[in-house]
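Visitor: Quick one: structure below, then a few questions.
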Amino acid sequence: MSLVLHVDAARWRGHLRAVAAATPGLVPVVKGNGYGLGRARLASEAADLGLDTIAVGTYTEVPGLADAFPGDLLVLTPWRPFEVAAGATAGTTTGTDAPARRVVHTVGRLVDLDALLLREPDAHYVLERVTSMRRHGLTAPDLRAAAARVGDGLRGVSFHLPLAGSNLAEARRLMTDVVAAELPTRTVFASHLAGEDLAALRSSYADYTVRPRVGTDLWLGDRGALRVTSTVLDVHPVERGDAFGYRARTAPRAGTVLVVSGGTAHGIGLESPSGDLSLRSRAATLARGGLDAAGFVRSPYSVDGKQRLFAEPPHMQASMLFVPAGPRVPEVGEEIEVRVRYTATDVDEVVFS
Ligand SMILES: *Cc1c(COP(=O)(O)O)cnc(C)c1O
């Protein structure tokens, strides 16, 4: 059996509809591992919500999503002359609904604006304004310079704001640059701007349309609708001193070695998502003389209501846990809960119920 993501479909879709209704102009972000649910699935959910645009991470993600989503595909990775091949192979360029005609490029350098328009004069694109993240984008003077070069293909300006704290002050400064640039667009795509900050920016710039790009808070915003389970594959009772695993490690006391599904191939790692790795907590663990002091590391798997320790580093498709004598030991075939980082986990199966 495998690592399974169980989705409470009614509850999850209820959350998606609530976010979409509360967020005019919403642009769902569909990228990477599809936030654990799979990109194609998310693209078709976005289509069901009746939205006109999704944002994808890279050009290579475009062809696989163009069938699932009939609207525009905004590529978050900035266009570069060396990326053009992938963008051009997004599909045939004939017809207005052909994938290549639905791609909206992100342009982050003036040289790229010139190169893109030279190669694809009718390209659709947004101009990325660099933020305090310093990831990609144009400076304020660049944005003003761009105004003289853009044409009908301009779809908006885009900001990627950092996650920490309130972004409103920074968003306002960036809006000042947008206004000053006098571009022929009144649309701004903003990442990581939500709630009151988004509302405040909209009311200050009422003649602009601010379109939030949202991934995590949309797809993973109601964690109670999602649950990941692993299956117990084998159960080995051990006495203190019994050897197990690739490295013939020995059991520090009597208990059980459990073999459960899910390993490094799924993204199951040594770091527990809730792991408190501070020096102080480690010192406290050592002082208590716990099993983790003996070199065992906390796993994301729960048995009998408690997160358990890895018996050794996870293997490719399975992991070994050590459960000291005491708790109820699950049987082969039983499902146990796993806490995962959804954006870094590839489950074997997503089950909607
Ligand atoms: C990934 C990404 C997002 C979505 O981020 P979430 O935190 O998942 O909402 C938005 N904008 C850009 C540019 C991104 O790369």
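The values are calculated or read from the model by the stated rules, or taken from the named source; none is laboratory data. Remember, it's a predicted structure, so these values are computed and weren't measured experimentally. Keep in mind that these areas ignore ligands, DNA and RNA; they rest on the heavy atoms of the full protein, side chains included. Shrake-Rupley method; radii C 1.70, N 1.55, O 1.52, S 1.80 Å.
Visitor: Which whole-number percentage describes the relative contact order of the chain, with Cα contacts under 8 Å and a sequence gap of 6 or more? Intermediate values should be presented prior to the final figure.
Guide: On the way: 690 pairs, mean separation 68.9, N = 353.
Reported relative contact order: 20 percent.
Visitor: Counting only protein heavy atoms and using a 1.4 Å probe, what share of the accessible area of the chain belongs to carbon plus sulfur, as a whole percent? Show your work: numbers first, answer last.
Guide: On the way: 8590 of 16570 Å².
Roughly 52 percent, rounded to a whole number.
Visitor: So, how do all the Cα-to-Cα distances of the chain break down into 20 Å bins, in percent, from 0 on up?
Guide: Here the calculated profile for the chain is 26, 45, 25, 4.
Visitor: Per-residue HN-Hα couplings for segment 240-248, Karplus 6.51 cos²θ - 1.76 cosθ + 1.60 at θ = phi - 60°, whole Hz, x for Gly and Pro?
Guide: Those phi angles translate into 3, x, 5, 8, 7, x, 4, 10, 6 Hz.
Visitor: Pull up all non-local amide H partners of D346: gap of 5 or more, or a different chain, and H-to-H distance under 5 Å with H placed in the peptide plane.
Guide: Answer set, sorted by chain and number: G267.
Visitor: Once amide H atoms are placed 1.01 Å from N in the peptide plane, what residues at a sequence separation of 5 or more from T256, or on another chain, have their amide H within under 5 Å of its amide H?
Guide: V238, V323, A325
Visitor: To continue, here is another question. What relative contact order, as a whole-number percentage, does segment 27-168 give when Cα pairs under 8 Å and 6 or more residues apart are counted? Please list the in-between numbers first.
Guide: On the way: 239 pairs, mean separation 22.4, N = 142.
Result for segment 27-168 is 16 percent.
Visitor: Tell me which residues come under 5 Å, amide H to amide H, from V214 once H is placed; ignore anything under 5 positions away on its chain.
Guide: Counting only residues 5 or more places away or on other chains, the set is V27, V29.
Visitor: Okay, next question. Which of Y35, Y301, Y246 ends up with the largest GNM mean-square fluctuation for the chain, with Cα atoms connected below 10 Å?
Guide: Judging by the Gaussian network model, the answer is Y246.
Visitor: Out of the DSSP beta bridges found with both residues in the chain, what percent are antiparallel (nearest 5)?
Guide: Values: 30 of 63 bridges.
Percentage antiparallel, nearest 5: 50.
Visitor: Read phi for every residue in segment 301-309 and hand back ³J(HN,Hα) as whole Hz from Karplus 6.51 cos²θ - 1.76 cosθ + 1.60, θ = phi - 60°, with x for Gly and Pro.
Guide: Once rounded to whole Hz, the list reads 8, 10, 10, 6, x, 9, 5, 9, 8.
Visitor: Over segment 117-216, what is the mean sequence separation of C-alpha contacts under 8 Å (at least six apart), divided by residue count, expressed as relative contact order in percent? It would help to have the intermediate numbers written out before the result.
Guide: Values: 147 pairs, mean separation 25.7, N = 100.
Across segment 117-216, relative contact order equals 26 percent.
Visitor: Specify the residue with the greatest mean-square fluctuation among A40, A243, A68, computed from a Gaussian network of the chain linking alpha-carbon atoms under 10 Å apart.
Guide: Residue with maximal mean-square fluctuation among A40, A243, A68: A243.
Visitor: Residue by residue, what Karplus-based ³J(HN,Hα) values in Hz, rounded to whole numbers, does segment 99-114 have, using 6.51, -1.76 and 1.60 with θ = phi - 60° and x for Gly and Pro?
Guide: x, 4, 6, 9, 6, 10, 7, 10, 10, x, 9, 4, 4, 6, 4, 4
Visitor: Let me ask another. Pick from S261, S132, S191: which residue has the top mean-square fluctuation in a GNM of the chain where Cα pairs under 10 Å get a spring?
Guide: Between S261, S132, S191, it is S132 that shows the largest mean-square fluctuation.
Visitor: Kindly provide the helix-only [θ] at 222 nm of the chain, computed as the sum of -39,500 (n - 2.57) over DSSP H runs of four or more divided by all residues, to the nearest 500 deg cm²/dmol?
Guide: Working: 11 runs with 94 residues, N = 353.
It lands at -7500 deg cm²/dmol.
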